[in-house]
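What follows is a set of notes on a single structure, which appears directly below.
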Amino acid sequence: MGAMMLMACGGKQGMSESELAAQREIDSLKAVNANQAKELEDFMDMAAQVEEGFRLIKEAEGRVDIKDGNVETSQKELVAENMQFIQQQMQQNRELINQLKNKLSKSSANLSSLQKHLDMLEAEMKTQTARIQELQAQLAERDQVIAEQGEKIEQLSEDVSTLTTENEQKTAEVAAQDKELNTAWFVFGTRSELKEQKILDSGDVLKNSSFNKGYFTQIDIRYDKDIRFYSKSAKLLTSHPSGSYQLVKDAKGEYELHITNPQQFWSVSKYLVVQVK
């Protein structure tokens, strides 16, 4: 190595001034070429990053489905994640393109082909920006439609709930009215028992409003048509149309009442009082 260094030094020392100038020019051109090669390599690496970014953005766009308005929460989250990724990648591409423009403006070489490449990247950037803006507008429109549909569904649900409540109330009212219309009360007892309960007062039946209503048995006139008195003596003290009932004896000789026409029987009074012995 020492011998080679001595030879090199001796070689340069033995060069003429013109030879030395030529050698310096050659070294300078080599340095320029190396620098330009490095600039070209850096430019192409960054351009490749931008193009890869465009590819990833297009893939993410394909995962953003705006056709189905009734998307699940997980799908909405996926759309949001992809849109966030697209925004981040677009910002990264803008920064890279700005760096490329800066490098090209400061380049020591006339790289016209690289300018065309940069122009192409900028044009693609504008195209993708417009497409993303349109996609955002469509997503916003879809979200608005979903929100309006949600409000309509909520209102319909409230209407249905209100109608259901009203129908339940009406049904309960009708049932109560129906029960009241078909409810009657009967009681049977000896004369002394009826007088004790103030049902019979000075020979009058139910004339005193203070009679003991709890002494009566409540029945549904639609179903309770036969009443046993467990007595061989029975007398109806309240008024009921003849022909609407039969007062007959059973095998033991005890009276029982068969109501043959309930509506007619109870038309005069919903109370039946029978005196037995």
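The residues of region 72-121 that are out of contact with any Leu (no Cβ under 9 Å at 6 or more places or on another chain), in a loop (DSSP other than H, G, I, E, B) and either among the polar types (S, T, N, Q) or modelled with pLDDT under 75 (or both), listed by number, are Glu72, Ser108, Asn110. Counting just the residues of region 85-136 that are hydroxyl-bearing (Ser, Thr, Tyr) and closer than 21 Å to Arg63 by Cβ, which one comes out least open to solvent (accessible area, probe 1.4 Å)? Out of the qualifying residues, it is Thr129.
Taking region 230-277 as the range and being within 25 Å of Asn182 (Cβ to Cβ) and small (Gly, Ala, Ser) as the test, the residues that pass are Ala234, Ser239, Ser242, Gly243, Ser244, Ser267, Ser269. For residues that are at pLDDT 95 or above and open to solvent by 50 Å² or more (accessible area, probe 1.4 Å), scanning just region 162-190, find the one that is nearest to the chain's Cα centre (by Cα). So, considering only residues that are at pLDDT 95 or above and open to solvent by 50 Å² or more (accessible area, probe 1.4 Å), the one nearest to the chain's Cα centre (by Cα) is Trp185.
Looking only at region 242-268, filter to residues that are open to solvent by less than 30 Å² (accessible area, probe 1.4 Å) and part of a loop (DSSP other than H, G, I, E, B); which one of those is nearest to Lys213 (Cα to Cα)? Looking at residues that are open to solvent by less than 30 Å² (accessible area, probe 1.4 Å) and part of a loop (DSSP other than H, G, I, E, B), I get Trp266. Only one of the numbered conditions (1) modelled with pLDDT of 95 or more; (2) open to solvent by less than 50 Å² (accessible area, probe 1.4 Å) is not met by Leu206, and that is (1). Taking the conditions (1) in a helix (DSSP H, G or I); (2) at pLDDT below 85 in turn, Gly53 satisfies each one other than (2).
Within region 1-44, the residues that satisfy the criterion of being in a helix (DSSP H, G or I), exposed (fewer than 10 other Cβ atoms within 10 Å of the Cβ) and either of a type in the set (Val, Ile, Thr) or at pLDDT 75 or above (or both) are Glu17, Ser18. Checked against the criteria, Thr165 counts as more than 24 Å from Gln91 (Cβ to Cβ) and assigned to a helix (DSSP H, G or I).
The values are calculated or read from the model by the stated rules, or taken from the named source; none is laboratory data. Owing to the predicted nature of the structure, the values given are computational and were not obtained by experimental measurement. All Cβ positions, glycine included, derive from the backbone under ideal geometry; neighbour counts span all protein chains shown. Note: accessible area is taken over every heavy atom of the protein model, side chains too, but ligands, DNA and RNA are not part of it. Shrake-Rupley method; radii C 1.70, N 1.55, O 1.52, S 1.80 Å.
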